[in-house]
Amino acid sequence: MLHIESEHCFHCNTPVEEKGHTQHLLGEEREFCCPGCLSVADAIVENGLQDYYTYRTEVAEKSDLVPEQLRNAFALYDSPELQEDFVSKDDKLSEIQLTIEGINCPACGWLIEKQLIKHQAIAQVGVNVSAHRATIKWNAEVLPLSSILSTIETIGYKALPFSPDKHEQIFQSEHKRFLKKLGLAGIMTMQVMMLAFALYFGVFGNLDEETKQFLHWVSLVLTTPVVIYSGSVFISSALNGLAAKQLNMDLPISIAILTTFTGSAWATFDGQGEVFFESICMFIFLLLIGRLFEHKGREKALEISNNLINVVPVKARLISDEQVTTEVPAKILKPGQLHQVLTGEQFPVDGEIVNGSTEANEAIITGESLPVAKPEGSAVIGGSINVANPTVVRASNSLKDSTINRIVKLQELALSSKPKIALTTDKFSSYFVSVVLLISLCTYIFWSINAPSEALWITVSVLVATCPCALGLATPTAFSCAMAQINKLGFLIKKADALEQINNIDRVVFDKTGTLTIGSPQLSGLNNYSEFSDNKILELAAALENNSEHPIAKAFKQPTILKAEEVEVTVGTGITGTIQGTRYFIGKLPEGATNLNSISVTDDVYLATYSTMTKEPSKVSILAGFTLVDEIKPGAFDLLASLDKESVLLSGDHLAKVTQTANALGIKSFFAQQSPNEKLTTMRNLQEQHSVMMVGDGVNDGPVMASANVSVAVTGASDFAQASADVVMVASKIEKLKDLFSVSKDTIKTVKQNIGWAVGYNLLVLPFAVSGWLAPWVAVIGMSLSSIIVTYNSTRLIKN
């Protein structure tokens, strides 16, 4: 056997630069340099010709499936400078959204996902069929972006980094091509039907055989472009699936089209037998009409989801160091740069108002229609609209990392991920296609023996009538529409599984501060146990709390010249820092304090000092205690009253405060003075018997939110809480949480209705098709109507 060097392609002996293309061959795992060489090797093995590699005397030519010119174009996207605009990075993984051209149905998305996820460097792939977009997470150090684009190209689709303008152009271009195919099929169907009508009903009188044959030839000429051009929607999809060794839902349709056309063409050439050109044209025409209605239904959901993309700012008024204002693209703004926002303009990026005060319309992001007051020092959200006065803003994020872009990414990630019920349906659909093909083969054999002249048409009816297109649409259309409705209500779901799991929740656990309460505790009392003045105590507290994002820290914010150093934040306990050479602590009551007997244990927060620079308990002395008051959110009462699930209050606050809040809201089960670890233990105990949702907002809620079956981060939650949550609440009204349960319930109900209809229809129509009682054109109409019914039923989830 020819010797191949280590880390060289087993097929062409080219050095392997991109890992992941392997095949078990001649008893060993062999490496290949590209998808092209791997595909050739697959073909050799499948045809039993692996001895070629044993007896060959020279290596083969490199079998690249992507032309060199196209590979060079893809290679441009590996440039770090170019990737800055569309690739985001998280730890070792990079993430990108791609526009995919050529997607026709859920089977296309499924095929792309299956092919890409085979590569070890790709961690996650999600294809949103409705939006023609894919979200991919991968290790860019192992696999360059150009290789991903090339892989998608080899299976029959075109992919480019997502750009809203370019994506819209591609979407409209595909739509126009689809309408051209539909138009051609419609025109040719009318022509061929007229000829067939005249032949069937003797409109031309008694025609001789030569004239009939001539009309058959005319019909063949008119039908051929319909099959090749209009029918390519289905045939290319089926071929792509077969090339990737997958049976998709367009395969039975393609077999029906090609079998009928080939049989009719042969009858025309041979001069004997029946021709069915009019049925082929009508078949393709009706199928395309069905697909058009499906696309329109999915576009309704997509239109709502695209609202955020359409308001991503494109320009900004940058203020230079010389105080000169210049209009620039919003994407070049960097954190710290000043920019002017005039009345009626969008805030281009997240930032802080440094000059002026105004009001902002944040409806597109939060769903709240009333403007929000923005005094100097307030944070503003990129994409919201300045509705009152011109202001100067300091950017806190770049456009790529702004709130609105993060929301768009979360939204797309949710739409491209698949819930368990969708994965189950996809798997069932692939098996169903195999069963349809097997039943069709048995049908053809039976009728070929008993009624040869009817065998072809009865088989075509079986292939068409039982095609599981509606089954393939049952779940994705429902979840796409549900996501669109949830976005309208002011929620962002980070994974589609959450929407399915919410329906199973029977316990809802709430954090107190910032979740059920306003989250802005006010200082209501100070007990001074030291010789320091009250002002000194407040300054020390402010210096420490300036290092915290906890809602309680806001109660202590005030101007101070003191600065804490060597700060240590212990989640769920408090903050330790050195101020003017002395070690101080603010937080929960420290254990082992020397003056515990002389203080009030009902204070909410304590300020203490260490007599040494260490944190030995015996050296702690309480300086002061603070009492706080936090108002319950008005919407919390409506929410708790409307929930049909048992609520639990889980808080690190004092028992008295937690009891007071729980009683006010009618919550019977509550836990107080819980550390993050204790919260986690309580959550796990609840999960032993219940499916639990956690609703929170703070850093200390992160671990318990990650543990919950479903977690929701409320408006204004910390970055850590949002990262741990399955659902991020953008709407400011806590009572809207009940709508999340309502949409989840309606979605699962709709999915079950869709699956029930799709499976029920196929089972009902199968006996009629197999027995020859169902004409092919009736089968086409039935299959198309089935898909349209499923799509329409899903769009009912989108409510005005």
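Which strands (runs of 3 or more DSSP E) does region 546-609 wholly contain that include 2 or more residues that are under 14 Å from L628 (Cβ atoms)?
Strands (runs of 3 or more DSSP E) meeting the threshold: 582-587.
For the structure I just gave you, tell me whether Y444 is open to solvent by 50 Å² or more (accessible area, probe 1.4 Å), farther than 30 Å from A725 by Cα and at pLDDT 80 or above.
yes
Identify all residues within region 347-362 that are surrounded by fewer than 19 Cβ atoms within 10 Å (Cβ to Cβ) and assigned to a loop (DSSP other than H, G, I, E, B); write none if there are none.
G356, S357 - these are the residues of region 347-362 that are surrounded by fewer than 19 Cβ atoms within 10 Å (Cβ to Cβ) and assigned to a loop (DSSP other than H, G, I, E, B).
For every residue, the table says whether it meets (1) among the acidic types (D, E); (2) under 30 Å from L643 (Cα atoms).
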position	(1), (2)
T515	no, yes
S524	no, no
N535	no, no
L538	no, no
A553	no, no
E566	yes, no
G574	no, no
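How about region 713-729: which of its residues are in a strand (DSSP E or B) and either modelled with pLDDT under 80 or under 17 Å from the mean Cα position of the chain (by Cα) (or both)?
V727, V728, M729
Could you please find all residues in region 659-679 being within 32 Å of the chain's Cα centre (by Cα) and open to solvent by less than 30 Å² (accessible area, probe 1.4 Å)?
Across region 659-679, the qualifying residues are P676, K679.
Of the residues that make up region 625-632, is at least one free of Cβ contacts under 8 Å to residues at least 40 places away in the same chain, surrounded by 14 or more Cβ atoms within 10 Å (Cβ to Cβ) and among the hydrophobic types (A, V, I, L, M, F, W, C)?
Within region 625-632, not a single residue is free of Cβ contacts under 8 Å to residues at least 40 places away in the same chain, surrounded by 14 or more Cβ atoms within 10 Å (Cβ to Cβ) and among the hydrophobic types (A, V, I, L, M, F, W, C).
Would region 528-542 turn up any residue that is part of a strand (DSSP E or B), surrounded by fewer than 23 Cβ atoms within 10 Å (Cβ to Cβ) and more than 30 Å from the chain's Cα centre (by Cα)?
The answer is yes, given that some residue of region 528-542 is part of a strand (DSSP E or B), surrounded by fewer than 23 Cβ atoms within 10 Å (Cβ to Cβ) and more than 30 Å from the chain's Cα centre (by Cα).
Looking for whichever is surrounded by fewer than 22 Cβ atoms within 10 Å (Cβ to Cβ), modelled with pLDDT of 85 or more and closer than 17 Å to K488 by Cα here; the options are S742, S732. Which one fits?
S742
Within the bounds of region 648-658, is there any residue that is modelled with pLDDT of 85 or more, open to solvent by less than 40 Å² (accessible area, probe 1.4 Å) and assigned to a helix (DSSP H, G or I)?
Yes, the conditions are met somewhere in region 648-658.
Quick check, is L239 out of contact with any Cys (no Cβ under 7 Å at 6 or more places or on another chain), open to solvent by 50 Å² or more (accessible area, probe 1.4 Å) and either of a type in the set (D, E, K, R) or at pLDDT 80 or above (or both)?
yes
Any residue in region 511-540 that's within 22 Å of L655 (Cβ to Cβ) and touching a residue at least 40 places away in the same chain (Cβ under 8 Å): show its pairings with residues that are buried (at least 20 other Cβ atoms within 10 Å of the Cβ) and of a type in the set (S, T, Y) at Cβ separation under 8 Å, as long as the two are six or more apart or on different chains.
From residues that are within 22 Å of L655 (Cβ to Cβ) and touching a residue at least 40 places away in the same chain (Cβ under 8 Å), the pairs are D511/S651; K512/S651; K512/T661; T513/S651; L516/T661; T517/T661; G519/T513; P521/T513.
Pairs under 6 Å by beta carbon, first residue farther than 19 Å from S398 by Cα in region 87-98, partner open to solvent by 60 Å² or more (accessible area, probe 1.4 Å) and in a strand (DSSP E or B), six or more apart or different chains?
If the second residue must be open to solvent by 60 Å² or more (accessible area, probe 1.4 Å) and in a strand (DSSP E or B), the pairs left are L93/A123.
On the basis of being open to solvent by less than 60 Å² (accessible area, probe 1.4 Å), more than 30 Å from K733 (Cα to Cα) and either outside any strand (DSSP E or B) or among the acidic types (D, E) (or both), does G336 make the cut?
Criteria met by G336.
The values are calculated or read from the model by the stated rules, or taken from the named source; none is laboratory data. It should be emphasised that the depicted structure is a prediction, and the values quoted were computed from it without experimental measurement. Backbone-built Cβ (ideal geometry, glycine too); neighbour counts: all protein chains shown. We work out accessible area using only protein heavy atoms, side chains counted, and drop any ligands, DNA or RNA first. Shrake-Rupley method; radii C 1.70, N 1.55, O 1.52, S 1.80 Å.
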